[in-house]
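Every number in this text was worked out from the coordinates using simple rules, so none of it is lab data. This is a predicted model, so every value here is computed, not measured. With ideal geometry, Cβ positions are generated from the backbone for all residues, glycine too; neighbour counts draw on all protein chains shown.
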Amino acid sequence: MIERSTTKKYKESAVDYLELVVQGHIEEAYQKYVDLQGVHHNPFFLSGFPALKQAMIENHAQFPHKKFIVKHVLGEEDLVVVHSNIVLKADEPGMAVIHIFRFCENKIVEMWDIGQAVPADSLNKDGAF
């Protein structure tokens, strides 16, 4: 069983990792938080964290001013879920994104990410968030 303080640290690490990536500090984010031998489950990129890292570098070059707004962070044992709004361009509502991380010894060893475009004109008056 993982201690609560460890889960809390994992939650903080997951948010810091995402913030560093969005700010373009991708190398630092990977050095601090990612076990490059781990796996990600994004079906749009080649297997392995090195491929995902390269995709993040390319995304930052394309959208250097994107914004990352954390909505919720949940943690249980070695799993952390970050629910956020990622806005690529200032005049767009962005995407609702859920990142799920599995940690081992303070490093991300597995990651899932799920995204949904936020429509400019939503039928739901409560909005995406």
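Structure summary
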item: Sequence-distant residues sharing a close amide H with V39 (under 5 Å, placed H); result: E110, M111
item: Nearest-20 debye value, segment 4-117 charge dipole, Cβ charges on Lys, Arg, Asp, Glu; result: 200 debye
item: Estimated inter-spin distance, K32 and T6, nm [label 7 Å along Cα→Cβ]; result: 2.1 nm
item: Per-residue [θ]222 nm for the chain (sum of -39500 (n - 2.57) over DSSP H runs n ≥ 4, rounded to 500); result: -10000 deg cm²/dmol
item: Normalised contact order of the chain, rounded percent, pairs of Cα under 8 Å and 6 or more residues apart; result: 24 percent
item: Lys/Arg +1, Asp/Glu -1 at C-beta; segment 1-55 dipole; positive extreme among A29, T6, F44; result: T6
item: Where N is the number of residues in segment 4-117, Cα Rg divided by 2.2 N^0.38 Å; result: 1.00
item: GluC sites (Glu not before Pro) restricted to segment 32-129 and DSSP loop, no more than 15 other C-beta within 10 Å; result: E77, E105
